[in-house]
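Quick notes on the structure that follows.
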Ligand code: HEM
């Protein structure tokens, strides 16, 4: 009887000796997985970032806009704008959550179409630059793209809440 008890005691000790390091390894790898897991970025932060980059691309051209002198920089800026606008187009503006469920699909379609239009205009400007028509490119930017920016913001950008400071002021 006593021998049986001491045998089961030995089995328990042995199981603990095997289980403890296993648990330690498992615990370490789980916490490491946690530490390296990518932190999800909210869609509205992604949209803010894409819009900021679109803005920075256009601002990089300076007040003079597109001219023969900054041809290469203009091509670079227009490409950057197009890339970021494609990112923005795939996202849903935060305001969509506040739109009645029945109207939401139409709202999102309108948003997407306007950004597609912005990309189209940036491509038209790029083609004009490549053709050496710098004045035409600059006009597309100043007369058409900027108008679309304002229309897009009037319709799809939420008003800033009082005392609620975000990166997204009206630009
Ligand atoms: C044409 C050039 C455009 C430029 C340069 C531009 C630039 C910007 C900038 C600088 C912001 C603020 C980002 C921040 O919070 O830091 C912004 C926000 C926003 N823009 Fe535009 N935008 C453009 C066109 C458009 C268009 C066409 C639409 C809609 C179809 C649009 C929809 C929005 C929305 C919804 C936000 C708010 C994002 C959020 O709060 O998460 N933008 N944009």
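Tabulated data
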item	result
Estimated FRET transfer efficiency when R0 is 35 angstrom, pair residue 45-residue 135 (beta carbons, to 0.05)	0.40
Mean projection area, nm², convex hull over Cα of segment 43-156	6.6
Residues in segment 119-161 that a label on residue 67 would reach, taking backbone N under 18 Å of a point 7 Å out along Cα→Cβ	129-130, 132-143
Calculated Rg and Dmax of segment 84-144 using C-alpha coordinates, Å	15.1, 47
Cut-off 14 Å (backbone N to label point 7 Å along Cα→Cβ of residue 53), residues of segment 79-122	79-91
Pair residue 116, residue 148: separation of 7 Å Cα→Cβ label points (nm)	1.2
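Bear in mind these aren't lab numbers, they're just calculated from the coordinates by the rules spelled out. These numbers were taken from a predicted model, which means no experiment stands behind them. When we count neighbours, we look across all protein chains shown, and the Cβ atoms used for this are built from the backbone with ideal geometry, even at glycine.
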